[in-house]
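Structure, as structure tokens:
The values are calculated or read from the model by the stated rules, or taken from the named source; none is laboratory data. Every value quoted in this text rests on a predicted model; they were computed, and no experiment measured them. Here the Cβ is made from the backbone with ideal geometry for all residues, glycine too, and neighbour counts use every protein chain on show.
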Amino acid sequence: MKILLIYPEFPTTFWSFKHALGFISKKASEPPLGLLTIAPMLPPLWEKKLIDLNVNHLRNKDIQWADMVFVGGMSIQKKSFKSIVKRCNELGVKVVAGGPMVTENHEEFKGIDHFILNEAELTLAPFLEDLEKGCPEKLYSTSEFAELKETPLPDWSLLKPSHYASMDLQYSRGCPFNCEFCSITTLFGHKPRVKETPQFIEELDSLRSGGWHGPVFIVDDNFIGNKKEIKATMLPALISWQKKHKYPFTFTTEVSINLADDDELMELMSQAGFTSCFVGIESPEEESLAECGKVQNRNRDMLKSVKKMQRMGFTISGGFIVGFDNDPQDIFEKQARFIRKSGIATAMVGLLNAPHGTPLFRRLQSENRILESFSGNNTDGSLNFIPRMNTEKLLEGYKNLIRTIYSPREYFERIKVFLSEYHIPDVPVGKHPFYGLRALMKVTLRIGLFQRRGKRYFWKLLAYTIWNHPQKIRMALTMAVYGFHFRKIAEAI
């Protein structure tokens with residue numbers, strides 16, 4: 001059996017970093033970890049190939065080579081996903097689909113021969129058994145959650161790591177919180193499940209032995225969901241592994257803001273080589289946080305929490321949302337003020353949307369407020385529900401907010417705020433991909449000389465950093481590159 005695994009293309013979005021990748025001669029930000037994990041679950045005698053449309057083109061002869069195509073992805077990849085399915089249908093090749101997008105709403109997708117929903121550790125094996133018997137069903141799903149000790153090592157041999165800016169690994173699934181707009185608990189449950197520590201260390205070994213040195217994104221939706229386990233077992237083992245191998249990796253992950261409440265945990269993460277965290281801040285408005293069930297963000301000084309994490313050596317990226325029912329008319333100014341004071345350079349501000357299957361979707365559906373326009377991209381200016389705030393006012397306020405925070409003056413000033421708080425970790429973490437001489441020359445030329453707007457703010461940042469924080473110059477230049485990408489996205493919005 002010949003199997004072609006296809007990963008749909010990401011549109012140019014906030015998180016694609018497409019406008020930044022050219023500085024480091026990379027084709028995509030991250031590899032398709034899901035398909036790389038699915039591949040070793042298939043029979044070992046089957047021939048397997050992977051095509052990531054963010055890296056390679058898909059030719060008809062690639063599809064015709066296969067007996068079956070496996071495709072998966074997220075809602076933001078829907079357009080590319082449907083195009084892949086259409087081509088397979090036209091060429092007469094069977095399609096097997098899985099992943100979060102089709103799990104959330106498989107009825108939307110036509111032309112699929114077999115749906116493997118939920119977690120493949122539980123639903124793929126029954127399909128393969130039925131396929132061998134010659135009687136595969138249309139749909140395989142489960143309400144149970146898998147034990148992650150059953151998850152195999154990703155098959156890194158299917159891709160060329162040099163095409164990517166970062167590699168991905170997963171340690172846990174699930175989140176103890178229940179934010180109304182989030183689909184994580186629907187997909188993966190409230191109880192965070194973790195891999196066994198030796199299993200995760202084996203994944204690190206496999207990645208290192210494949211020649212990778214550099215950034216690794218731990219893709220967990222809340223890495224600190226099971227604090228007890230990571231503090232007692234996982235992080236001490238990771239620190240030991242990093243020291244043994246002279247810190248080949250730096251780690252990025254997603255955490256809840258209560259990380260700032262645990263000094264011991266932050267210190268362990270720093271010692272393990274974690275240098276950056278994404279935090280869902282959402283809103284400085286207390287009533288909006290209450291509305292969406294963001295209990296971990298309530299009744300705290302979030303600015304203080306952010307700055308504490310920065311001082312512990314973490315670059316904080318933040319998620320922000322406008323469009324809550326309880327948002328006041330001046331929410332846009334409040335968001336801009338918080339972002340400015342926080343020094344969060346990578347501030348993803350999106351419009352509230354209601355993914356299918358979330359508590360928010362069900363509530364808005366019961367109120368007859370759902371619109372059939374979900375793009376999966378909350379930064380493209382689209383809404384899939386009727387907001388309480390006047391729609392035109394919301395959209396115009398959102399666009400003005402984006403234009404404000406990513407104007408050259410605002411953005412480069414925000415980097416200065418960050419640099420004044422940020423403490424460089426005391427561990428010998430590996431180099432960032434933007435640290436090479438060639439990349440630094442590109443930054444200076446494209447942003448400092450050839451950029452259409454904001455060149456003087458770049459040089460002001462450079463002068464400020466050299467004078468006040470010379471040891472942080474590479475961090476400042478890296479953030480300048482991110483800003484180049486974010487301004488392109490802001491212009492599109």
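So, TYR406, is that one under 22 Å from the mean Cα position of the chain (by Cα) and either buried (at least 20 other Cβ atoms within 10 Å of the Cβ) or among the aliphatic types (A, V, I, L, M) (or both) or not? Against the criterion (under 22 Å from the mean Cα position of the chain (by Cα) and either buried (at least 20 other Cβ atoms within 10 Å of the Cβ) or among the aliphatic types (A, V, I, L, M) (or both)), TYR406 qualifies. Just one of the listed residues (PHE418, PHE412, PHE434) is surrounded by 16 or more Cβ atoms within 10 Å (Cβ to Cβ), at pLDDT below 95 and in a helix (DSSP H, G or I), namely PHE434.
The residue that is nearest to the chain's Cα centre (by Cα), among those in segment 75-91 that are farther than 17 Å from PHE374 by Cα and not hydrophobic (A, V, I, L, M, F, W, C), is SER83.
Residue count for segment 357-379 under the criterion of being in contact with a helix residue (DSSP H, G or I) (Cβ under 8 Å, 6 or more places away or on another chain) and surrounded by 19 or more Cβ atoms within 10 Å (Cβ to Cβ): the result is 6.
Among the residues of segment 33-57, just one is out of contact with any helix residue (DSSP H, G or I) (no Cβ under 9 Å at 6 or more places or on another chain) and under 17 Å from SER80 (Cα atoms), namely HIS57. Among the residues of this structure, THR142 does not count as one that is surrounded by 14 or more Cβ atoms within 10 Å (Cβ to Cβ), of a type in the set (Val, Ile, Thr) and touching a residue at least 24 places away in the same chain (Cβ under 8 Å).
Residue-level analysis places TRP65 outside the set of residues that are surrounded by fewer than 20 Cβ atoms within 10 Å (Cβ to Cβ) and at pLDDT below 95.
Being farther than 21 Å from THR275 by Cβ and not in a helix (DSSP H, G or I) is a property that holds for ARG453. Which of the numbered conditions does ILE38 fail, given that it passes all the others? Conditions: (1) crowded, with 17+ Cβ neighbours inside 10 Å; (2) at pLDDT below 95. Only one criterion is unmet by ILE38, namely (2). Taking segment 40-154 as the region of interest, the strands (runs of 3 or more DSSP E) fully inside it that hold 2 or more residues being out of contact with any Phe, Trp or Tyr (no Cβ under 9 Å at 6 or more places or on another chain) and under 29 Å from THR13 (Cβ atoms) are 68-72. Return yes or no: is LYS228 crowded, with 19+ Cβ neighbours inside 10 Å, basic (Lys, Arg) and not assigned by TED's automatic domain parsing to the domain that holds SER29? Answer is no for this residue.
Residues in segment 192-203 that are among the charged types (D, E, K, R), buried (at least 18 other Cβ atoms within 10 Å of the Cβ) and in a helix (DSSP H, G or I): GLU203 alone. Contact annotation: residue pairs with Cβ atoms under 6 Å, 6 or more positions apart or on different chains, pairing a residue in segment 416-427 that is farther than 15 Å from ILE466 by Cα with a partner that is hydroxyl-bearing (Ser, Thr, Tyr) and in a helix (DSSP H, G or I), are PRO425/SER270.
Screening the candidates ILE218, ILE230, ILE201 for the property of being of a type in the set (A, V, I, L, M, F, W, C) and under 28 Å from PRO355 (Cα atoms) yields one hit, ILE218. With respect to ASN400, is the statement that it is at pLDDT below 95 and either surrounded by 19 or more Cβ atoms within 10 Å (Cβ to Cβ) or under 30 Å from TRP459 (Cα atoms) (or both) true? The answer is no for ASN400. In segment 457-467, how many residues are touching a residue at least 40 places away in the same chain (Cβ under 8 Å), over 15 Å from TYR482 (Cα atoms) and not polar (S, T, N, Q)? Within segment 457-467, residues that are touching a residue at least 40 places away in the same chain (Cβ under 8 Å), over 15 Å from TYR482 (Cα atoms) and not polar (S, T, N, Q) number 2. For segment 268-315, taking the residues that are under 19 Å from the mean Cα position of the chain (by Cα) and among the polar types (S, T, N, Q), the one that is surrounded by the fewest Cβ atoms within 10 Å (Cβ to Cβ) is identified as SER276.
Across segment 398-409, the number of residues qualifying as part of a helix (DSSP H, G or I) and hydroxyl-bearing (Ser, Thr, Tyr) comes to 2. Here GLU132 does not qualify as under 21 Å from PRO100 (Cα atoms), modelled with pLDDT of 95 or more, over 22 Å from the mean Cα position of the chain (by Cα) and surrounded by fewer than 19 Cβ atoms within 10 Å (Cβ to Cβ).
Can you pull out the residues in segment 339-391 that are of a type in the set (Ser, Thr, Tyr) and touching a Ser or Thr at 6+ places or on another chain (Cβ under 9 Å)? Scanning segment 339-391 gives THR346, THR358, SER373, SER375, THR379, SER382. Of the conditions (1) surrounded by 15 or more Cβ atoms within 10 Å (Cβ to Cβ); (2) at pLDDT 95 or above, ASP330 clears all except one; give me its number. Of (1) surrounded by 15 or more Cβ atoms within 10 Å (Cβ to Cβ); (2) at pLDDT 95 or above, only one is false for ASP330: (1).
Filtered by the rule that a residue be part of a helix (DSSP H, G or I), polar (S, T, N, Q) and touching a residue at least 40 places away in the same chain (Cβ under 8 Å), segment 163-191 gives a lone residue, THR186.
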